[in-house]
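For reference, the structure discussed in these notes is given below.
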Amino acid sequence: MKNSKFLHLSLTIVFAILFMSSCSTSKSINGGDAYKTTIDNVGEKSKSDKKLIKEAEKWLGTKYIYGGHSREGTDCSGFVMEVYLAVYDFKLPRTSKDQQQFCKSIKKSQLRIGDLVFFATGKSKNKVSHVGLYIGDGTFIHASSSKGVVKSQLSQSYYQRTYHSSGRVEGVKKE
């Protein structure tokens, strides 16, 4: 009996640690705007930009699962990794921290469609713990631990406060 209680407590602690260290965020854009199609507003964007936005938007509403990377459930870095694989046949590293280190650092003012935005949402303001995919006009798509895959605005106070850096994936063949 003591062993089963110990095992249950141990598993609970491990799960809590994993959940707390996951790529997470607590706020997202609300209402119908979260699912409004961006592709119609793309205008003069390249074919690959349109393809990236279309693929990313297919994931909207996908539930959040820590460690997931499928339409059944995903975390933030899994979502970004799978969109890049589907659109560009390009394999990114698995974690948001590794994705940030893999990218060429750029200024927020230099963001283009397909760039990655990184956030420090945990206790450490210097440690990347969340990633999103920039789709233009100050908007990014990401997997929120509380809402699943959603669109959000970089101008929202939460994302301004937790913003860490931006990066561009080099070596991707775009049309």
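The table that follows gives values for the structure above.
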read-out	value
Complete set of residues in the range 46-60 that are out of contact with any helix residue (DSSP H, G or I) (no Cβ under 8 Å at 6 or more places or on another chain) and not in a helix (DSSP H, G or I)	46
Check on residue 33, part of a helix (DSSP H, G or I), modelled with pLDDT under 50 and open to solvent by 100 Å² or more (accessible area, probe 1.4 Å)	no
Those strands (runs of 3 or more DSSP E) lying entirely in the range 61-175 with at least 2 residues open to solvent by less than 60 Å² (accessible area, probe 1.4 Å), at pLDDT 95 or above and of a type outside the set (S, T, N, Q)	116-119, 130-136, 139-144, 148-153, 163-168
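The values are calculated or read from the model by the stated rules, or taken from the named source; none is laboratory data. The structure displayed is predicted, hence computed values, not measured ones. Using ideal geometry, Cβ is built from the backbone for each residue, glycine included, and neighbour counts are taken over all protein chains shown. With ligands, DNA and RNA removed, areas are computed over all heavy atoms of the protein, side chains included. Shrake-Rupley method; radii C 1.70, N 1.55, O 1.52, S 1.80 Å.
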